[in-house]
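The values are calculated or read from the model by the stated rules, or taken from the named source; none is laboratory data. Note that this is a predicted model, so its numbers are computed, not measured. Heads up, the Cβs are rebuilt from the backbone with ideal geometry, glycines too, and the neighbour counts pull from every protein chain shown.
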Amino acid sequence: MILYPAIDIRGGCAVRLTQGDYDRETVYDADPAEAARRWGSEGAQFLHVVDLDGAKDGEPRNLRQIERIATAVPCPIQVGGGLRNSRAVREVLDAGAERVVIGTAALRDPEFLAAMLEAHGDRVVVSVDARDGKVALQGWTEATGRDVADTVIELSERGVVRFLCTEIDVDGTMDGPALDELARIGAAAPSSQIIASGGVGDLSDLQHLADLAQAHNNIEGAIVGRALYEQRFTVSEANAALRG
Amino acid sequence: MSEQSAANSAAPGRGSRGGGARICILDYGVGNVRSVEKALEHIGAVATITRDPAEVRAADGVILPGVGAFPRAMERVRELGLDELIVERRDAGVPILGICLGLQLLFDSTTELGGAAGLGLLPGGVEELEADGLKVPHIGWSPVRWEKESALTDGIASETPFYLVHSFAPHPDAEDLLGTAAYGARFACAAQCDNVFGVQFHPEKSSAAGLRLLANFAGVCARTPTAA
């Protein structure tokens, strides 16, 4: 499994939110590129960057920071947040992102998703965020009632290869990932690649994810945010735990 | 391994192998090359993105980067006269490293988009990945197996993963084959003939192993005596 250290940018700083709540923010680094360099020098193989201002406003707000991060680290980065039209996706790729993470727009706007898959193929990751197994949209403020696994299957039939699955209620809590839910999605969509997001607090959580990936080899990665900022473990320790 | 970073240490060497080596990254308007520049600075080399012949002639090493389609990139290289400059530097003994499409351009030819001739510094052609039914382009981390010893790969274990983004791969002569990886079928992803090196993967995005490879290249550059 690949570790994806997470860098969420808000107001130019690297922050973490608790359960996606913009009012429960912790600022960790005034300069997100500093966090990026730190994870990069510790051996990160990929970084997950989210433009939280962009996610809220519906268009990229931190392109300059994204470009700085992309050039600062010796590894590829994927970027999400506010990517709702082809121009926004192009800008983020031009800023140096290897992959783009599309959320709300992929579910709401099938034509946009089809165009992005046509133009960028495997560089497109679709983020499916959920609460109690149901998909949530629009910065997680809107519930849909649609089942997560059904949504992943439906999108994979439309050509999406890789999904970022976030369990909102554990995100930013470090209380442990939603292992049962990940197992359910992994089993339901065996040909889709799944990146697990939310809840990692210590190395045993990563070992549990690695065990899960033994049973479901399509669970290919894990996003880790707060636990790295709070130095619960290092990137290299996390890499070792995920290799099982 | 001898350290010659003191020879021209305008920049702090950070104790790296190639500390102080002056390396030109050829700028022909294809792709974002600043991550290569940053990686070289990180390992203590003095990196310049340029197409100015005087600057290139003053460098200890030359990197040919590139992304996109081979024929268009080669056209651009020729328009700017970089083809003759690269051959001149090769003949002067200067180490040359092609990265990704830059590696492909070092070969004789490609079959991409109806075909085009390359620089011919490495014998062989470039063809679409066989991939054995898998999706092309191949994007991701793949373990790379070293097929011969080289100063470029010194200290990097065989089967260390590197990051690749490509649809085509070279077919070097057996004696130039430096590294292979698997994607459906095995393909060549690194080659070397004397002072000409090429890697299909992106060392600048391949974490510690990629930085080590660039430091090794900078070390070769710092150690190589060159004709004027």
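Can you give me the number of residues within segment A:214-236 that are within 26 Å of A:THR18 (Cα to Cα) and buried (at least 16 other Cβ atoms within 10 Å of the Cβ)?
Qualifying residue count, segment A:214-236: 14.
Mind checking which residues of segment B:154-179 are assigned to a strand (DSSP E or B) and either touching a helix residue (DSSP H, G or I) at 6+ places or on another chain (Cβ under 9 Å) or over 24 Å from B:ALA117 (Cβ atoms) (or both)?
B:THR160, B:PRO161, B:PHE162, B:TYR163, B:LEU164, B:VAL165, B:HIS166, B:PHE168, B:ALA169, B:PRO170, B:LEU178, B:GLY179
Can you confirm whether segment B:111-124 contains a residue that is within 14 Å of chain A (Cβ to nearest Cβ), in a helix (DSSP H, G or I) and more than 15 Å from B:GLY66 (Cβ to Cβ)? Explain how you work it out, then say what you get.
The first filter runs over segment B:111-124 and keeps only residues within 14 Å of chain A (Cβ to nearest Cβ), leaving none.
Scanning segment B:111-124, I find no residue that is within 14 Å of chain A (Cβ to nearest Cβ), in a helix (DSSP H, G or I) and more than 15 Å from B:GLY66 (Cβ to Cβ), so the answer is no.
Buried (at least 21 other Cβ atoms within 10 Å of the Cβ), among the charged types (D, E, K, R) and within 14 Å of chain A (Cβ to nearest Cβ) - does that describe any residue in segment B:155-170?
no
Would you mind stating whether B:ALA182 is at pLDDT 95 or above, part of a strand (DSSP E or B) and surrounded by fewer than 21 Cβ atoms within 10 Å (Cβ to Cβ)?
Yes.
Filter segment B:106-129 for residues that are surrounded by 16 or more Cβ atoms within 10 Å (Cβ to Cβ), within 19 Å of B:VAL62 (Cβ to Cβ) and small (Gly, Ala, Ser) and give the result.
B:GLY118 - this is the single residue of segment B:106-129 that is surrounded by 16 or more Cβ atoms within 10 Å (Cβ to Cβ), within 19 Å of B:VAL62 (Cβ to Cβ) and small (Gly, Ala, Ser).
Could you tell me which of the residues B:SER5, B:SER16 is modelled with pLDDT under 65, touching a helix residue (DSSP H, G or I) at 6+ places or on another chain (Cβ under 8 Å) and within 14 Å of chain A (Cβ to nearest Cβ)?
B:SER16
Quick one: in segment A:4-21, which of the residues that are out of contact with any strand residue (DSSP E or B) (no Cβ under 6 Å at 6 or more places or on another chain) and in contact (Cβ under 8 Å) with a residue 60 or more places away in the chain is farthest from the other protein chains (Cβ to nearest Cβ)?
Here the residue is A:GLN19.
In segment B:142-153, is there at least one residue being touching a strand residue (DSSP E or B) at 6+ places or on another chain (Cβ under 9 Å), within 14 Å of chain A (Cβ to nearest Cβ) and either at pLDDT below 95 or in a helix (DSSP H, G or I) (or both)?
No, segment B:142-153 has no match at all.
Hand me the list of helices (runs of 4 or more DSSP H) wholly inside segment A:105-210 holding 1 or more residues that are within 14 Å of another protein chain (Cβ to nearest Cβ). Let's see the steps before the verdict.
Numbers: elements: A:110-120, A:148-157, A:179-188.
Qualifying helices (runs of 4 or more DSSP H): A:110-120, A:148-157.
List pairs: first residue in segment A:27-42 and within 11 Å of another protein chain (Cβ to nearest Cβ), second residue in a strand (DSSP E or B) anywhere in the structure, Cβ distance under 7 angstrom, at least six positions apart or on different chains.
Correct list of pairs: A:TRP39/A:PRO5; A:TRP39/A:LEU47.
Can you pull out every residue in segment A:161-178 that is aliphatic (A, V, I, L, M), surrounded by fewer than 23 Cβ atoms within 10 Å (Cβ to Cβ) and within 19 Å of A:SER191 (Cα to Cα)?
Scanning segment A:161-178 gives a single hit, A:VAL161.
Taking only segment A:50-59 into account, find how many residues are in contact with a helix residue (DSSP H, G or I) (Cβ under 9 Å, 6 or more places away or on another chain) and either buried (at least 24 other Cβ atoms within 10 Å of the Cβ) or within 14 Å of chain B (Cβ to nearest Cβ) (or both).
Narrowing segment A:50-59 to residues in contact with a helix residue (DSSP H, G or I) (Cβ under 9 Å, 6 or more places away or on another chain): A:51, A:54-55, A:58-59.
From what is left, the residues that are either buried (at least 24 other Cβ atoms within 10 Å of the Cβ) or within 14 Å of chain B (Cβ to nearest Cβ) (or both) are A:51, A:54-55.
Matching residues across segment A:50-59 total 3.
Which residues, counting only those in segment B:171-228, are within 14 Å of chain A (Cβ to nearest Cβ) and more than 12 Å from the chain's Cα centre (by Cα)?
Selection gives B:TYR183, B:LYS205, B:SER206, B:SER207, B:ALA208, B:ALA209, B:LEU211, B:ARG212, B:ALA215.
Checking the condition touching a strand residue (DSSP E or B) at 6+ places or on another chain (Cβ under 6 Å) and hydrophobic (A, V, I, L, M, F, W, C), which residue from A:ILE153, A:ILE168 passes?
Exactly one residue qualifies, and that residue is A:ILE168.
Give the residue, chosen from A:LEU47, A:LEU63, A:LEU93, that is under 12 Å from A:ILE9 (Cβ atoms) and within 13 Å of chain B (Cβ to nearest Cβ). Don't jump to the end; show me each part of the working.
Working: A:LEU63 fails: within 13 Å of chain B (Cβ to nearest Cβ); A:LEU93 fails: under 12 Å from A:ILE9 (Cβ atoms).
Exactly one of A:LEU47, A:LEU63, A:LEU93 is under 12 Å from A:ILE9 (Cβ atoms) and within 13 Å of chain B (Cβ to nearest Cβ), namely A:LEU47.
Among the residues that make up segment A:199-210, is at least one of them touching a residue at least 40 places away in the same chain (Cβ under 8 Å) and of a type in the set (Val, Ile, Thr)?
No, that holds for no residue.
Just one of B:LEU113, B:LEU134 is at negative phi and aliphatic (A, V, I, L, M); which is it? Let's see the steps before the verdict.
On the way: B:LEU113 fails: at negative phi.
Among B:LEU113, B:LEU134, only B:LEU134 is at negative phi and aliphatic (A, V, I, L, M).
Among strands (runs of 3 or more DSSP E) lying entirely in segment B:38-99, which contain 3 or more residues that are at pLDDT below 95 and surrounded by fewer than 23 Cβ atoms within 10 Å (Cβ to Cβ)?
In segment B:38-99, no matching strands (runs of 3 or more DSSP E) lie anywhere.
If I filter segment B:100-108 for residues that are at pLDDT below 95 and under 20 Å from B:VAL199 (Cβ atoms), do I get at least one hit?
Pass one, segment B:100-108, residues at pLDDT below 95: none.
No, segment B:100-108 contains no residue that is at pLDDT below 95 and under 20 Å from B:VAL199 (Cβ atoms).
Within segment A:66-77, can you find the residues that are more than 9 Å from chain B (Cβ to nearest Cβ) and either at positive phi or surrounded by fewer than 24 Cβ atoms within 10 Å (Cβ to Cβ) (or both)?
Of everything in segment A:66-77, just one residue is more than 9 Å from chain B (Cβ to nearest Cβ) and either at positive phi or surrounded by fewer than 24 Cβ atoms within 10 Å (Cβ to Cβ) (or both), namely A:ARG68.
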